[in-house]
Amino acid sequence: MHKVEVSLKKHLPDARGLGLVRDIHDLGIPSVSNVRVVDIYRVDAELTPEALELVCRRLLVDPVTQEYWHGQYPRPEGEAGTEHHSVEVAYNAGVTDPIEDTIIKALKDLGVVDIRAIKTAKRYLIEGQLNALELEAICSKLLVNPIIQHVVREEPVAFPENPRYEFTLKELDITQAEQQFGFSKDELKAISAYFQKQGRNPTDAELETLAQTWSEHCVHKTFKAKIKLGETIIDNLIKNTIMKVTEELNKPWCLSVFADNAGVIDLDGRWALCFKVETHNHPSAIEPYGGAATGIGGVVRDPLGTGLGAKPILNTDVFCFAPPDFPYEKLPKGVLHPRRIFKGVRAGVADYGNRLGIPTLNGAVLFDDRYLANPLVFCGTLGLLPKELAPRGQQQPGDLVVLVGGKTGRDGIHGVTFASEQLTEESSASSYSSVQIGNPIVEKKLIDILLQARDRQLYSRITDCGGGGLSSAVGEMGASTGVRVYLDKVPLKYAGLSYTEIWVSESQERMLLAVPPECATELLDLFASEDVEAVVIGEFTGERRLELLYQGNLVCDLDMEFLHDGLPQIEREAVWTQPRPSEPDFTCPQDLGEALLQILGSWNVCSKEWVIRQYDHEVQGASVLKPLVGKDNDGPGDAAIIRPVLNSEGGVIVACGINPRYGEIDPYWMAASAIDEALRQIIAVGGNLTKVALLDNFCWGNVQQPDILGALVRAAQACYDMATIYETPFISGKDSLYNEFEYEGKVISIPHTLLISAIGVMEDVNRAVSMDFKQAGDIIYLVGTTQNELGGSEYLRIHSLIGNSVPRVNPHHGKELMDRLSVATAKGLVRACHDLSEGGIGVAVAEMAFAGGLGALVHLKPVPLGEPVARDDFILFSESNSRFLVEVAPESEDEFLEIMKGISLATIGQVTGSGVLEIYGLNGQRILHKSLGELKEAWQKPIRW
Amino acid sequence: MAKVRTLIIRAPGTNCDAETAFAFQQAGAIVSRVHVNQLIRRQEQLSNHQILVIPGGFTYGDDISAGKVLANELRLKLGEDIRNFIDSGGLILGICNGLQVLVKAGILPRLSNGKEQTITLAANDSGKFECRWVYLKVNEDSPCLFTKGIDRLYLPVANGEGKVVTSADTFSGLSIALYYTDEQGNTNVGYPHNPSGSEKNIAGICDTSGRIFALMPHPERHIRGTQHPRWTREGAKKYGDGFQIFLNAVRWAAKSM
């Protein structure tokens, strides 16, 4: 065993360490003056001193910037009076560190073979006066996540060995199954009847398969349930809302909907786009970095596994956390602080997404106390594929089952059933095996080679291994034919896995192919040429059975029909009572400048530049409108536009809408508003509604509670109503239910959260419009009608109120307005356009001004009102839907007005060169006067980390 | 006239090969994207090409340090082919990860055996991955043929280890080709104009022949006018600033064929 410690040379600043110093100061420990990070490598091999020296100098150490020691890093000799603390943090046994594989490869290149294992660790050298409690706080709050890491107290003597596995077939009594697998009474009855007919007991693999396949995560039983709400009975909620609108609209450009891993639409007759958004909430709560990384890794495999395989071309990320300034002392036991979750999730998504070379161009970050123990991490991926490859593939009996990509380990076992369960205080300890560390390079290699195999037509069908691992992927793919899999052929990361563990492991970076036998050799050779694992693990049969063998023993033999259609439909009661929060009763302040600064500086509205810049949003060279726009490249763009085919003029707009605050008043209007918001963003950047497709992601609390289920039904109904009028079909979706947390007998449920993601096809990207003001002297139009709709608004939030008048949507008006406005943008009559959302007119005009580096003079008196509103603050901060601020050059006004004839709009002001935002109220008095610098600073300051 | 052939090396984690290929194709070259295994296994020949490119990405995850593992692989397994390629007049372009690889492989500057590396790339001073647009100025005294006729450039960077660090005041066999500047072109600037904290504001370097050039910013991400972050304010030019670099390389290679 050799140990090498590598550190930056003393004269060089340690950026990683300095970041930690800031984090430590944020913990309220100001005494730390410096931190340096040392990389530790343990090499389990017998190396000659010369070989070890070679490994250090040629591989582990940078000769310009680093120095190294064999064995322990010498304790630094500080100046008199300074203290040094040294903490070594290593991965727990069983956690696979992706770096180990790379080092072994690199050592082979150097001619060093016979390496048994590599382990990496980090040493933190912390300078400053610290008591034991403070040091413990730094370790537990910043350096160590006990789920995957520990502080090394003494030198480990050896690498722990994996346990051996000896085959024995495990048969289970049905009565044992309830406890272990969480089946419902009806499900148990169905299973029991099935096996009685077979005249035998089920094996553990069979019950695991049923548990995985019938889990909420895989089969969405709540959305397919028979739900009784008042007098109405809804037989299959999703079929009667989200899927129904798509069926009724029957758009010819919808190529594959609700049938595959992602929804597919036509782009330009030659190419197609597919889009999917998933959540990875529970794992991110426990281990933010790894959880979020595997979230992005998982959703990228959805387009890759759609049709015959799409190239991932864009990522979107939406996060919901508790506020970063949540008091540490109020943190429940077992819960990570929201700041740490935020930073960990961001890093996980960025490190994985950046390495895959997929630009992250769209997203949002929202904050609410109730996401404290249950953060939401939505990851989405857009894919591009030739149109003729859009339909899902179909295997023939005799085709081979080929598993490609990463090896299988004990990672994420029971992730699916875990995702559908409540989190408890003990989750952190018990869910250890559900957490995985992803390896983005394995996935990148897989993407590269799969697209080549696709273009050579070497497989007949493809799907991803996601939740439920092989059990879901094989079970689903083989449903129409039957399939036989030899579990002992699955390549393993390490020995010791039982056949059932192999079957349900959720190891990342794996895909499943159906390969005609005559293509097998070419396919396996192709994968070998780029060092990507590909192994035949079985064959498709014509017998409509799921047969699993391990070392020649039949360990699972299930009828496909029972597996896929045997799940009894559940029946649920839902209730809905409209909450009536009280309306605000404070008086309107004379000056609204402070209120505007407060809203701009609120966690929800403030700049997310810190997040955005750490994502590579330029890779693939396709961006046309970036997430940050304006004079200094730092204004908040409404939606992103990319040019997916580099030598064409066509584009795709990606947008999202989410507003959980409205759901507290009425989930129906929350859902309607989210759809309106996503569509507004598409219109604001120069798109139109001709070819817009939607995705739904419902994150809800415990739907076994009738009122929470009632809220879900209302939101789904709004999806149907709005999408019908806007003519924007849903093409795919996903739900994550039971997002709640039990703490000291109290249940904290997340707010009902619906994320609507939208893609819009843009014929000519050269017509894109950004939201920053362009030219002093231009006219500012407010398009749309303002109502007294402050319910759930950011303005009431700063007064710690919710209110009752939630923003509603009139989709007939909204559609007409958006259609006309898109004609005006297509004609080049719109210099800038920004959609009105959180913070209403006030926030939108401020953002347009500071993004453009230009002032504005605005009057509230001409604002078109749908009902009498007598207060300046309500007009300025109302969050009524279907509204835009539009900058029009004086010479374009006539034509603009001609196109917009009959639409509710008014000139409310002018762009100025003054560097000041000035707003005048209903009675002509000045109600706001703030410099651009002050506004921008308020907006940028909160997350300048 | 025969077409210039460009070989873009792919390795596990390479992720800018497609847009780099697009840039060279726009400049008139025939482009092959070749996996490093194919070169090592002699299924493709470097000598059939006039331009070799190591594009951006995170080769081998940038594990241990950015570009290190591919650098060793090139040095140990393709060292002779690359030396022959250079000696026969070939051009080499390294972008982002490509710069990290070329420096650590001892290709830029060319290190004779046993000589220690004196220039490297370290983690950005900000401690962060930085994706932002930067202003650049070409060093007129540099022999770099890729930047001939160019004065200023506006390109994006996207990296976490982009800080040029040197252990000597002067380097043999090396010339600074590109500096980070502010909007006005001043070379004496700090963060965020110099996004990594690079010594002497170095953004790109080349060898003394001018034929081996590597830079941290991504010229392949500014080929069309609509890639400029402010084209919706300032109007879109037909070609982005990065295009001339590819055009220069292809023209030079065509002339010397």
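The values are calculated or read from the model by the stated rules, or taken from the named source; none is laboratory data. These figures come from a predicted structure and were not determined experimentally. A quick note on method: Cβ atoms are made from the backbone with ideal geometry, for glycine too, and the neighbour counts reach across all protein chains shown. Surface areas here come from the heavy atoms of the whole protein model, side chains and all, with no ligands, DNA or RNA. Shrake-Rupley method; radii C 1.70, N 1.55, O 1.52, S 1.80 Å.
Take the residues in segment B:35-52 that are surrounded by 20 or more Cβ atoms within 10 Å (Cβ to Cβ) and among the β-branched types (Val, Ile, Thr), then tell me which one is farthest from the other protein chains (Cβ to nearest Cβ).
If we take residues in segment B:35-52 being surrounded by 20 or more Cβ atoms within 10 Å (Cβ to Cβ) and among the β-branched types (Val, Ile, Thr), then B:ILE51 is farthest from the other protein chains (Cβ to nearest Cβ).
When residues of segment A:243-257 are filtered for being farther than 20 Å from A:ALA716 by Cβ and touching a helix residue (DSSP H, G or I) at 6+ places or on another chain (Cβ under 8 Å), how many remain?
1
So how many residues does segment A:424-468 have that are aliphatic (A, V, I, L, M), under 22 Å from A:PRO146 (Cβ atoms) and modelled with pLDDT of 55 or more?
Qualifying residue count, segment A:424-468: 2.
Across segment A:324-373, what is the total count of residues that are touching a Pro at 6+ places or on another chain (Cβ under 6 Å), more than 20 Å from A:LEU143 (Cα to Cα) and among the aromatic types (Phe, Trp, Tyr)?
The total comes to 2.
So, in segment A:172-186, of the ones that are surrounded by 12 or more Cβ atoms within 10 Å (Cβ to Cβ) and part of a helix (DSSP H, G or I), which residue ends up modelled with the highest pLDDT?
Checked segment A:172-186; the qualifying residue modelled with the highest pLDDT is A:ASP186.
Given the condition buried (at least 19 other Cβ atoms within 10 Å of the Cβ) and more than 22 Å from A:ASN688 (Cα to Cα), answer yes or no: does some residue in segment A:894-910 qualify?
The answer is yes, given that some residue of segment A:894-910 is buried (at least 19 other Cβ atoms within 10 Å of the Cβ) and more than 22 Å from A:ASN688 (Cα to Cα).
Which pairs do you get when a residue that is within 14 Å of another protein chain (Cβ to nearest Cβ), found in segment A:328-357, comes within reach of a residue that is of a type in the set (Lys, Arg) and open to solvent by 10 Å² or more (accessible area, probe 1.4 Å), reach meaning Cβ atoms under 6 angstrom, with the pair 6+ apart or on two chains?
Here the result reads A:LEU356/A:LYS444, each pair linking segment A:328-357 to a residue that is of a type in the set (Lys, Arg) and open to solvent by 10 Å² or more (accessible area, probe 1.4 Å).
Would you pick out the residues in segment A:1-23 that are within 14 Å of another protein chain (Cβ to nearest Cβ), hydrophobic (A, V, I, L, M, F, W, C) and either touching an Asp or Glu at 6+ places or on another chain (Cβ under 8 Å) or not in a loop (DSSP other than H, G, I, E, B) (or both)?
Matches in segment A:1-23: A:VAL4, A:VAL6, A:LEU8, A:ALA15, A:LEU18, A:LEU20, A:VAL21.
Quick check on segment A:810-821. Is at least one of its residues touching a Pro at 6+ places or on another chain (Cβ under 7 Å), open to solvent by 30 Å² or more (accessible area, probe 1.4 Å) and modelled with pLDDT of 95 or more?
No: zero hits.
Name the pairs: first residue in segment A:504-527 and at positive phi, second residue of a type in the set (A, V, I, L, M) and open to solvent by 20 Å² or more (accessible area, probe 1.4 Å), Cβ to Cβ under 8 Å, at least 6 apart or on different chains?
That search, which allows pairs on different chains as well, returns A:GLU509/A:VAL442.
Taking segment A:525-540, which residues are surrounded by 17 or more Cβ atoms within 10 Å (Cβ to Cβ) and farther than 14 Å from A:LYS407 by Cβ?
Hits for segment A:525-540 are A:LEU526, A:GLU530, A:VAL536, A:GLY538, A:GLU539, A:PHE540.
Report, by residue number, each residue of segment A:188-202 that is touching a Leu at 6+ places or on another chain (Cβ under 8 Å) and open to solvent by 10 Å² or more (accessible area, probe 1.4 Å).
The answer is A:ALA190, A:ASN201.
Being out of contact with any strand residue (DSSP E or B) (no Cβ under 9 Å at 6 or more places or on another chain), hydrophobic (A, V, I, L, M, F, W, C) and within 27 Å of A:GLN508 (Cα to Cα): is that true of A:ALA117 here?
no
Filter segment A:107-147 for residues that are under 30 Å from B:LEU70 (Cβ atoms) and open to solvent by less than 40 Å² (accessible area, probe 1.4 Å) and give the result.
Result: A:LEU107, A:ASP109, A:LEU110, A:VAL112, A:ILE115, A:ALA117, A:ILE118, A:THR120, A:ALA121, A:ARG123, A:TYR124.
Using beta carbons and a limit of 6 Å, which pairs, at least six apart or on different chains, have the first residue in segment B:53-72 and within 20 Å of B:PHE22 (Cβ to Cβ) and the second one acidic (Asp, Glu)?
Close Cβ pairs (under 6 Å, with a partner that is acidic (Asp, Glu)) amount to B:PRO55/B:ASP17.
How many residues does segment A:39-64 hold that are away from chain B (no Cβ under 14 Å) and buried (at least 21 other Cβ atoms within 10 Å of the Cβ)?
Count: 0.
Against the condition open to solvent by 40 Å² or more (accessible area, probe 1.4 Å), under 26 Å from A:ASN739 (Cβ atoms) and within 24 Å of the chain's Cα centre (by Cα), how does A:PHE223 come out, does it pass?
no
Given (1) farther than 16 Å from B:ALA11 by Cβ; (2) facing chain A (nearest Cβ under 9 Å); (3) open to solvent by 10 Å² or more (accessible area, probe 1.4 Å), where does B:GLU130 come up short, assuming only one miss?
Among (1) farther than 16 Å from B:ALA11 by Cβ; (2) facing chain A (nearest Cβ under 9 Å); (3) open to solvent by 10 Å² or more (accessible area, probe 1.4 Å), B:GLU130 violates only (3).
When segment B:98-123 is examined, which residues are found to be away from chain A (no Cβ under 14 Å) and more than 25 Å from B:ARG251 (Cβ to Cβ)?
Selection gives B:SER112 alone.
Could we say that A:GLU918 is surrounded by fewer than 23 Cβ atoms within 10 Å (Cβ to Cβ), part of a strand (DSSP E or B) and of a type in the set (Asp, Glu) here?
yes
What are the pairs, 6+ residues apart or on separate chains, where a residue within segment A:617-631 that is within 7 Å of another protein chain (Cβ to nearest Cβ) has its Cβ under 7 Å from a residue that is polar (S, T, N, Q) and part of a strand (DSSP E or B)?
Pairs that qualify, where the first residue is within 7 Å of another protein chain (Cβ to nearest Cβ) and the partner is polar (S, T, N, Q) and part of a strand (DSSP E or B), are A:HIS617/A:THR360; A:HIS617/A:SER623.
Specify the residue that is nearest to the other protein chains (Cβ to nearest Cβ); the eligible residues are those in segment B:134-175 that are part of a strand (DSSP E or B) and open to solvent by 30 Å² or more (accessible area, probe 1.4 Å).
Per the stated criteria, the residue is B:TYR135.
(1) assigned to a loop (DSSP other than H, G, I, E, B); (2) open to solvent by 10 Å² or more (accessible area, probe 1.4 Å): which one isn't true of B:PHE22, the others all being true?
The one condition B:PHE22 does not meet is (1).
Give the residues of segment A:782-801 that are of a type outside the set (S, T, N, Q) and either assigned to a loop (DSSP other than H, G, I, E, B) or open to solvent by 10 Å² or more (accessible area, probe 1.4 Å) (or both), sorted by residue number.
Matches in segment A:782-801: A:GLY784, A:GLU789, A:LEU790, A:GLY791, A:GLY792, A:ARG797, A:ILE798, A:HIS799, A:LEU801.
For segment A:504-519, what are the residues that are surrounded by fewer than 18 Cβ atoms within 10 Å (Cβ to Cβ) and not in a loop (DSSP other than H, G, I, E, B)?
Within segment A:504-519, A:PRO517, A:GLU518 meet the criteria.
Going through segment A:460-478 one residue at a time, which ones are open to solvent by 20 Å² or more (accessible area, probe 1.4 Å) and part of a loop (DSSP other than H, G, I, E, B)?
Of everything in segment A:460-478, those that are open to solvent by 20 Å² or more (accessible area, probe 1.4 Å) and part of a loop (DSSP other than H, G, I, E, B) turn out to be A:SER460, A:GLY466, A:GLY467.
For segment B:72-97, give me the residue count where each residue is within 14 Å of the chain's Cα centre (by Cα), within 14 Å of chain A (Cβ to nearest Cβ) and of a type in the set (Gly, Ala, Ser).
Total meeting the criteria: 0.
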